[in-house]
Amino acid sequence: MKLIKLPYLIFFLILIGCDKKEELSQTEIQIISTISKTSEVGDTIMFEFYVHTNSGLNTIEFYVEDSLLMTKSKDFISTESDSIKFNYNVLYENIGQILDFKILVKDKNGKSNSKNISVNISDDISAEFLTLKVEETYSSASSYRDTGIVHTKFITEDETRLVEKPFKTAFLRSGLYLFQYYDASKENSKYIIHRDKNNVVRIFDESTGDIEIIGSLLQAVARLTGVSSASSINIPMLIMPNELGLNNIFNQIENKEISGSEVIDDIDCYKLTGYYKFNGSGCTIWIQKNNLLIRRISSSSEYDTFKSEDVVDIIGEINIEMEDSEFEFSIPE
């Protein structure tokens with residue numbers, strides 16, 4: 001058998017040792033992420049980190065970055081254990097967004113390894129937390145505008161009659177406000193609620209041509225609640241809870257739950273279901289995930305001789321630039 005010369009053998013062993021040292025200095029990161037709900041507040045993301053190294057001392061740096069580029073960091077305590085398990089809880093408040101996490105591991109020899117993970121938890125929230133965030137979105141808005149239409153079907157044994165009531169809303173936190181609606185099946189049916197910069201509230205009734213000064217915006221929207229099929233109150237009450245009261249549409253329904261998601265006009269929406277407290281009839285509210293605005297409201301009621309089905313479609317914009325000209329009180333000719 002031919003022997004390997006000693007210098008070559010020593011050189012070969014040195015190479016093996018170098019490779020082995022590099023291998024041992026490399027840190028492995030395994031991440032398991034789970035999500036669990038907290039009690040009616042929001043969701044807590046619980047991450048379990050399994051960090052394994054053969055080189056001893058580790059310093060773990062944890063970075064949280066969401067789609068708003070808000071960054072937090074946390075340095076874990078150093079440890080000399082070769083196998084470490086960490087729990088890190090993050091209370092997630094920006095629903096509808098993706099959180100990106102970066103875990104960086106440094107060992108005592110200056111070697112490092114990192115791993116990225118993205119978690120989308122937009123669908124894993126409680127109904128109570130969702131409605132809370134929707135209320136906050138509207139009540140903190142600096143401006144808002146929408147256009148919409150209420151579709152109401154009156155169903156009897158003999159016929160089904162459809163009534164449509166288009167509406168639109170404009171609002172500035174400074175106080176300017178404009179709401180108008182009309183019944184598409186009737187002539188001269190437009191109503192307008194207007195508040196100017198001096199806090200003077202007016203109602204215009206096209207059927208009579210009268211303009212009436214009202215003591216408060218609450219009185220004005222309450223007067224039109226029934227005839228407008230609640231379009232005068234549903235969104236405005238969310239925008240101005242201190243002025244119009246806290247009995248908004250979410251507080252009017254019970255047994256609320258998120259029953260999945262649905263796309264409306266290419267916009268992904270939460271589907272929130274519940275039952276009206278005053279009559280037990282069902283209600284479904286579609287809430288856009290991208291901005292937490294209400295996109296659709298559906299409900300039905302049964303009476304002795306007929307049944308009614310309401311579908312309210314709303315296309316809203318929030319925190320947008322608005323000119324004072326949008327709030328001009330113009331009377332139809």
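Residues checked against (1) touching a Gly at 6+ places or on another chain (Cβ under 9 Å); (2) closer than 22 Å to GLU328 by Cα; (3) surrounded by fewer than 22 Cβ atoms within 10 Å (Cβ to Cβ):
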site: LEU176; (1), (2), (3): no, yes, yes
site: TYR182; (1), (2), (3): no, yes, yes
site: PHE204; (1), (2), (3): no, yes, yes
site: ILE213; (1), (2), (3): no, yes, yes
site: SER216; (1), (2), (3): no, yes, yes
site: VAL227; (1), (2), (3): no, no, yes
site: ASN234; (1), (2), (3): no, no, no
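Considering each residue of the range 186-200, count those that are more than 32 Å from the chain's Cα centre (by Cα) and over 14 Å from PHE167 (Cα atoms), and give that number.
Number satisfying all stated conditions: 5.
Going through the range 123-176 one residue at a time, which ones are touching a helix residue (DSSP H, G or I) at 6+ places or on another chain (Cβ under 8 Å) and assigned to a strand (DSSP E or B)?
The answer is TYR144, ARG145, ASP146, THR169, ALA170, PHE171, LEU172.
Among the residues of the range 243-267, how many are more than 27 Å from THR225 (Cβ to Cβ) and surrounded by 15 or more Cβ atoms within 10 Å (Cβ to Cβ)?
Counting residues in the range 243-267 that are more than 27 Å from THR225 (Cβ to Cβ) and surrounded by 15 or more Cβ atoms within 10 Å (Cβ to Cβ) gives 2.
Would you mind telling me which numbered condition in (1) under 18 Å from ALA230 (Cα atoms); (2) loosely packed, with under 14 Cβ neighbours inside 10 Å; (3) of a type outside the set (Ser, Thr, Tyr); (4) at pLDDT 95 or above ARG296 fails?
The number of the failed condition is (2).
Of the conditions (1) surrounded by fewer than 17 Cβ atoms within 10 Å (Cβ to Cβ); (2) in contact with a Gly (Cβ under 7 Å, 6 or more places away or on another chain), PHE278 fails just one. Which one is it?
Condition (2) is where PHE278 drops out.
Specify which of the listed residues (LYS190, LYS197) is crowded, with 16+ Cβ neighbours inside 10 Å and of a type in the set (Lys, Arg). Outline the logic, then answer.
On the way: LYS197 fails: crowded, with 16+ Cβ neighbours inside 10 Å.
Answer to the selection: LYS190.
List the pairs whose first member sits in the range 138-152 and is at pLDDT 95 or above, whose second member is among the aromatic types (Phe, Trp, Tyr) and surrounded by 18 or more Cβ atoms within 10 Å (Cβ to Cβ), and whose Cβ atoms are under 6 Å apart, counting only residues at least 6 apart or on separate chains?
Note: pairs meeting the criteria are TYR144/PHE171; GLY148/PHE167.
Considering the range 247-262 alone, what residues qualify as being β-branched (Val, Ile, Thr) and either at pLDDT 95 or above or under 19 Å from TYR138 (Cα atoms) (or both)?
Result: ILE249, ILE253.
Look at the range 177-200 and say how many of its residues are touching a strand residue (DSSP E or B) at 6+ places or on another chain (Cβ under 7 Å) and assigned to a loop (DSSP other than H, G, I, E, B).
Residues meeting the conditions: 6.
The values are calculated or read from the model by the stated rules, or taken from the named source; none is laboratory data. Here the structure is a predicted model, which means the values were calculated and not measured. Please note: Cβ atoms are built from the backbone with ideal geometry, for glycine as well, and neighbour counts cover all protein chains shown.
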